[in-house]
Each structure stands twice: as structure tokens, then as C-alpha cells.
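Scroll down for the structure; my scribbles are underneath it.
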């Protein structure tokens, strides 16, 4: 079983336009409704890969009920803590003429402090026998920045593989608990170390900082650019295949899900192992 923890799931609307013009009336030719948010995206991909998954987080209002119904219809288990604020809604605008993607993100609303204790309690009930815990996204506004650190500590004590896909203070605090894997993208990595990363050498230096801070493995994605990996000893550059892009939103979450699934099946001694190395090449 794999656990996907995140406090900011979302109802997701994707609207497709033949040609999107800012400041004008635009009519969508297609509208798709679903659920997302980083942790939910990870759960969906893990489920598609054949893993048993439990999604954990907060759900509120009719949107929260919609979130739960969608996951149930997909056969994905969940254990959401009910909260008063409504689950957020995000909207993706696809412009077929230019291929551009515009993401409209509704920020999550604060929840009462005690619901975080309930969330961790539910996590604890699922840890026994779990193979991996993936913690994704920002901590909801006003929430404890050590949430992922506490969850990592619990999961490591249970012998569960831990992965954190976050940035900023939430990621910094998680490093203190020694997660097996952290996977920011380059923008999130820059936000975490507090400086611009203009080239690959700067990215590598920042990855070393995360490793020295406690992360056992660091993976940094960058869209079409090569993915970089660091296991505390060697750097690896992984070429990204060329594909036709329709909607890239959530692709980093899909990457995280596939990586965690592979590591949970083939990891040895907490290091990148087996097929996880073969797609890339070592770097000095």
C-alpha cells in the first residue's frame, strides 16, 4: 500500500479554446471536470500503475464531496478529514491555436489547528504495512510547517519509504527528518534555497545543500530540460523524451508517482537502484 498525503487537493476544471484572447469573451469548445492537486495527482498515477493507494488530506463542502466521489469512482481509497472551508477549485485554460496553457489557482483556506492532529492520526493508522508515503504540495495556509517532518519521522520509524515533493519552509523542515527522496522542480528548488539558479552548476550546488540538510536522494525536474538526480555521491542527468505537449499540468506529479513506485519495488539500502539509474548517465 502507498499513502499520498497533501493538504490542498482541488476540484479541477479544464477548458479548451480554439483561440484564447485576453480581455475578450472566449467560448470553450470542451470543458472537463475532475479532481487534482499534487497529492491527488500522485494517487491517480500510482493507481494507474497498479499500486494500492490511500489518499489523505482535507475535504470540505460540496467540492470536497465531489472529490471523494471521483476517487471512489476511480477505485482509489481515501481517508480525508472533513473541514469547514470548501475544497478549492483550479481552472486550466488550453489555447489550441498557440498551444499555451494558463493555470488559474485558487489558494486553499485556513483550517482549524486540531484537524492537523486528526490528519496525522489517520496517517498513523495506515502506516502499518505501507510501502511508501508521498507528501506533496504546500501546507494549507496557517498550517504547521513541520507537518511533513513529523509525517516523515513516523513513516521512517515504520520502515516506510518517504518522498517529499514540496518547496520552501515545508521542505526545509522535512529535511530535518531525513526523507528518502525529495523532488522539487527547478523553480521550487530556487525558492527553497532562496536564490536564482541560472545554470546547471548552480542547480547541482543547491541539490548538494538539500542532501547535506538531510535528504538521502534529490531529484530535480525541469520540464523539457534534463532531470538531475543526486544520491549523495554521484550526480545523474536523465534525458527527457520528446512528446507532443497537450496539457503539462501535473506532469511533475506523474514523475514522482512513477519514481516512487519504482523505488519501492527495487530500492536497496535507501539508494537509487536498478532501473532507476539506467536512463541517465553519470556526471563528474
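Rule-based calculations on the coordinates, nothing more; no lab input. Keep in mind it's a predicted model, so treat the numbers as computed, not measured. No Cβ is skipped: glycine too gets one built from the backbone with ideal geometry, and neighbour counts run over all protein chains shown.
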Original post:
Which whole-number percent is the relative contact order of the stretch 2-283 (Cα, under 8 Å, 6+ apart)?
Top reply: 16 percent
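Sorted from largest to smallest, which semi-axis lengths in Å does the alpha carbon gyration tensor of the stretch 14-118 give for its equivalent ellipsoid, taking the root of 5 times each eigenvalue? Please report the intermediate quantities before stating the final value.
On the way: eigenvalues 173, 66, 24 Å².
In descending order the semi-axes read 29, 18, 11 Å.
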**OP:** Would you mind getting me the FRET efficiency between residue 125 and residue 28? Use the beta-carbon distance for r and R0 = 35 Å, nearest 0.05.
**Re:** 0.25
Original post:
Quick one: 117, 253, fewest Cβ neighbours within 10 Å first, how do they rank?
Top reply: 117, 253
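For the stretch 84-231, take the alpha-carbon Rg, divide it by the Kirkwood Rh, and send me Rg/Rh.
Working: Rg = 16.9 Å, Rh = 16.8 Å.
For the stretch 84-231, the value is 1.01.
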Subject >> Shape call, the stretch 128-179: gyration tensor on alpha carbons, a/c limit 1.5 >> reply: prolate
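Rounded, prolate or oblate: which one fits the stretch 1-70, using the alpha carbon gyration tensor with axes a ≥ b ≥ c (rounded when a/c is under 1.5, else prolate when a/b beats b/c, else oblate)?
Working: a/c = 2.95, a/b = 2.04, b/c = 1.45.
It is prolate, given that a/c is not under 1.5 and a/b is the larger ratio.
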Subject >> Convex hull (Cα only) mean projected area of the chain, reported in nm² to one decimal >> reply: 15.2 nm²
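Sort 17, 58 so the one with the fewest other Cβ atoms within 10 Å of its own Cβ comes first. Working shown, then result.
Values: 17 19, 58 26.
Lowest to highest Cβ neighbour count: 17, 58.
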Original post:
Exposure proxy check: 244, 183, 44 ranked by fewest other beta carbons within 10 Å?
Top reply: 244, 44, 183
